Amino acid sequence: MAKKQPAGKGEGAGKGPARREPSLSDLLRLAPGEAVDLSAYDARATPGGPKGKAAGKKDMAALAEPLGGLQERLYAASTAGDTRRLLLVLQGMDTSGKDGTIKHVIGLFNPAGCRIRAFKEPTHEELSHPFLWRVKRALPQSGEIGIFNRSHYEDVVVARVRGLVPHRDIRRRYGQINRFERSLADRGVSVVKVFLHISYEEQRERLLARLDNPDKHWKFSEGDLADRALWPDFHRAYETALTRCGTEASPWYLVPADRKWYRNWAISTILREHLEAMDPHYPPADFDVARAREKLRSMG
């Protein structure tokens, strides 16, 4: 992921094979094992993106057909026993665009093949189980695309900032999350974890916009202001989670989210790249095609 004022790199000089151009996933992936400092990343940046909002929206629209085709192939493959699926995990500060991503990005898919779950404050029943219990129950099935609006990371971010559980339990949960996500990868679940990186200034503008529009008052609560006052604490908690739970099997992608058009385009592109890497195929017919065709024709 390009940080603020990235140093330019020259074109490959000398002899040797040309290097592969980095994918957007390459550009936005946080290096597993490296400490994350969110202040080093520009929330208004557009790494690898189209030249401006108009171009971004045009390119976004062009992604609908390939994404739809890849989703259909993934679902079709599951009917022949392919157990693979994809899970998009969305995390970020309030107003960073989790709902907007679901509206604009997941809207490019067939909703029948998507499983969307928003994780809010745990219920009494959920609190009576280990913290990953409710997450496991919401996982996508074979051939599906799952979307988590917030996730198990609330249990190491919000729980840490608000002191909901002892700190020793928070430390233990990082390892539990890594083992859980490793098990998902082993079972054919492609986990795409996206942190929507919004600036303090942009969040202020979006909260004000909600207050200025009566139709958006339902999206605002005084708790939003309480959380905003804890911005540094939330950032530290996220930095720790991004550092401790970014692995080779399940890396994090940091998407600058101040520009909504870039956020939507970037996540759509990352999903396309992951689905292309999965390369699902339509299953071959398990019946005699010629015979079925002949029978149909004979029926008039």
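The values are calculated or read from the model by the stated rules, or taken from the named source; none is laboratory data. Note that the structure is predicted; figures quoted are calculated from it, not measured. FYI the Cβ positions are ideal-geometry reconstructions off the backbone, even for glycines, and counts take in every protein chain you see. Surface areas here come from the heavy atoms of the whole protein model, side chains and all, with no ligands, DNA or RNA. Shrake-Rupley method; radii C 1.70, N 1.55, O 1.52, S 1.80 Å.
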The condition of being without any contact (Cβ under 8 Å) to a residue 40 or more places away in the chain and surrounded by 15 or more Cβ atoms within 10 Å (Cβ to Cβ) holds, among 234, 220, only for 220
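Taking the range 144-171 on its own, how many of its residues are aliphatic (A, V, I, L, M), within 13 Å of the chain's Cα centre (by Cα) and closer than 23 Å to residue 223 by Cβ? Spell out the reasoning first.
Applying the first criterion (aliphatic (A, V, I, L, M)) to the range 144-171 yields 145, 147, 156-159, 161, 164-165, 170.
Filter once more, so that each one left must be within 13 Å of the chain's Cα centre (by Cα): 145, 147.
Adding the requirement that they be closer than 23 Å to residue 223 by Cβ leaves none.
Residues meeting the conditions: 0.
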Scanning the range 18-48 for residues that are within 14 Å of residue 270 (Cα to Cα) and open to solvent by less than 20 Å² (accessible area, probe 1.4 Å) gives 24, 25, 28, 30, 47
Within the range 241-264, residues assigned to a helix (DSSP H, G or I) and either among the polar types (S, T, N, Q) or without any contact (Cβ under 8 Å) to a residue 24 or more places away in the chain (or both) come out as 243, 264
Taking the range 65-106 and keeping only residues that are open to solvent by less than 10 Å² (accessible area, probe 1.4 Å) and in a strand (DSSP E or B), one is left with 86, 87, 88, 89, 90, 91, 92
Selection from the range 49-64 of residues open to solvent by 40 Å² or more (accessible area, probe 1.4 Å), more than 24 Å from residue 199 (Cβ to Cβ) and either among the aliphatic types (A, V, I, L, M) or not in a helix (DSSP H, G or I) (or both) yields 61, 62
Residue 253 vs (1) touching a Phe, Trp or Tyr at 6+ places or on another chain (Cβ under 8 Å); (2) open to solvent by 20 Å² or more (accessible area, probe 1.4 Å); (3) among the aromatic types (Phe, Trp, Tyr): all pass except (2)
Those residues of the range 107-164 which are open to solvent by 70 Å² or more (accessible area, probe 1.4 Å), under 21 Å from residue 97 (Cβ atoms) and either assigned to a loop (DSSP other than H, G, I, E, B) or without any contact (Cβ under 8 Å) to a residue 12 or more places away in the chain (or both) amount to 111, 120, 121
